[in-house]
Amino acid sequence: MILLSNVSKVYDNGSTALNNISFVIERGEFVFIVGPSGAGKSTLIKLLMHEETATSGDVIIKNVNVGQLTQKQIPYLRRNMGVVFQDFRLLPNKTVYENVSFAMEVVGAPKRAIRRQVPAVLSMVGLAGKAKMLPGQLSGGEQQRVALARALVNNPAFLIADEPTGNLNPKTAMEIMELLDEINKRGTTIIMATHAKEIVNVMKKRVIAIEDGVIVRDEARGDYGYEN
Ligand code: ADP
């Protein structure tokens, strides 16, 4: 479970990105975060990843108050969480296999587990035949699949996706959404910030809308609700 209680974030330059927001996301949910540019979506994602810390309020992930974590405990939080971005962020000189196995190596997974888990996750995202290729040899959709495999290889409880279809054409974007839906149905909680109106309207998942740093809507099976 993720619980935000009266969370505000004021950046050092004085701009208030989030203003007293609260919500609960239960295990297994699929949640879209929507809202205009500058609304506070990325800041919210950064708080969940502990890339930024809240100015006030509590961010509680799996019963741990993230604001009270010591530097040493942060990797344990991150291990619970896979992250994918609009721009994929793959290592260009490593193969598909290595991009994914690296995520297991950095958390100290045994070699045997790596040899078992990497092919399994690549097959799950539909890339079983592309393990030896470099990211530059893949389409955008395939690169996002590699990023998803990397995010999921350590079996995180949560997947956080910041505009994951932003660089993809509509058909490829929908294929990635079908994969995310499948991943969610296997039990991973998904939190996805997006501007993709068609996708949000088709998926019929929970929608949390943020404007000017406050939650203006929180709907089960919601719509995108903006013109674009
Ligand atoms: P969104 O992702 O919805 O576009 P952001 O979370 O990026 O919104 O931004 C919310 C507000 O916080 C904006 O006013 C933005 O200018 C401000 N902001 C975001 N990041 C920073 C930062 N690192 N330093 C100062 N202000 C920031």
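Since every read-out is calculated from the coordinates, none of them should be taken as a lab result. Since we're looking at a predicted model, the values are computed, not measured. Here the Cβ is made from the backbone with ideal geometry for all residues, glycine too, and neighbour counts use every protein chain on show.
Could you rank the peptides 217-223, 105-111 by their average count of other C-beta atoms within 10 Å per residue, with the highest value first? Could the numbers behind the result be given before it?
Numbers: 217-223: 14.0, 105-111: 11.1.
Output ranking for 217-223, 105-111: 217-223, 105-111.
State whether the stretch 74-177 is rounded, prolate or oblate according to the following rule on the C-alpha gyration tensor (a ≥ b ≥ c being the square roots of its eigenvalues): a/c under 1.5 gives rounded; otherwise a/b larger than b/c gives prolate, and the remaining case gives oblate.
On the way: a/c = 1.83, a/b = 1.27, b/c = 1.44.
Taking the square roots of the gyration eigenvalues as a ≥ b ≥ c, the stretch 74-177 is oblate.
Determine the distance separating the Cα centre of the stretch 153-194 from the Cα centre of the stretch 6-74; give it in Å without decimals.
Going from one Cα centre to the other spans 20 Å.
Using a cut-off of 12 Å between beta-carbons, work out the net charge of the residues near A103 (Lys and Arg +1, Asp and Glu -1, A103 not included). Mind showing how you got there, number by number?
Numbers: positive: R78, R79, R89, K94, R150; negative: E98, E105.
In short, +3.
Extension gain N80-S5, at 0.36 nm per residue separation less the Cα-Cα distance, in nm?
On the way: separation 75, 0.36 × 75 = 27.00 nm, distance 2.03 nm.
Full extension from N80 to S5 adds 25.0 nm.
Number of Lys pairs in the stretch 69-150 with C-alpha atoms less than 21 angstrom apart, excluding same-chain neighbours closer than eight positions?
Numbers: K94/K111; K94/K130; K94/K132; K111/K130; K111/K132.
The number of close lysine pairs in the stretch 69-150 is 5.
Quick one: order Y11, Y224 by neighbouring beta-carbon count within 10 Å, fewest to most.
Working: Y11 11, Y224 20.
In order of increasing Cβ crowding within 10 Å: Y11, Y224.
Would you kindly work out the equivalent ellipsoid of the chain from its C-alpha gyration tensor and give its semi-axes, the square roots of five times the eigenvalues, largest first in whole Å? Kindly include the intermediate steps, with their values, before the conclusion.
Numbers: eigenvalues 165, 92, 46 Å².
After diagonalising the Cα gyration tensor, the semi-axes are 29, 21, 15 Å.
Can you list residues whose amide H is under 5 Å from V31's amide H, if they're 5+ apart or on another chain and H is modeled 1.01 Å from N?
I190, I191, M192
Expressed in nm², what is the orientationally averaged projection area of the convex hull enclosing the Cα positions of the stretch 167-228? If you can, show how the numbers build up before the last one.
On the way: hull surface 18.7 nm².
That works out to 4.7 nm².
Using 0.36 nm per residue of separation minus the Cα-Cα distance, give me the extension gain between D212 and N155 in nm, one decimal. Spell out each step's value before the answer.
Working: separation 57, 0.36 × 57 = 20.52 nm, distance 3.40 nm.
The span from D212 to N155 would gain 17.1 nm if fully extended.
Peptides 187-193, 15-21: what's the order by average Cβ count within 10 Å, highest mean first?
Values: 187-193: 20.9, 15-21: 18.1.
Answer by packing, highest mean first, reads 187-193, 15-21.
Just the number, please: Stokes-Einstein D of the stretch 123-228 in µm²/s, Kirkwood Rh from C-alpha pairs, 4 °C, 1.567 mPa s.
Working: Rh = 14.9 Å.
Calculated translational D: 87 µm²/s.
Tell me the relative contact order for the stretch 93-159 as a rounded percent, counting alpha carbon contacts under 8 Å between residues six or more apart.
With pairs under 8 Å counted, the relative contact order is 47 percent.
With contacts defined as alpha carbon pairs under 8 Å and 6 or more residues apart, what's the relative contact order of the stretch 19-168 in percent? Provide the component values of the computation, followed by the final result.
Values: 155 pairs, mean separation 45.1, N = 150.
This gives 30 percent for the stretch 19-168.
Could you compute the net charge surrounding V146? Neighbours are other residues with a C-beta less than 11 Å from the C-beta of V146; K and R count +1, D and E count -1.
+3
Could you name the lysines in cross-link range of K204, using Cα to Cα under 27 Å and dropping any fewer than eight places away on the same chain?
K41, K46, K62, K171, K185
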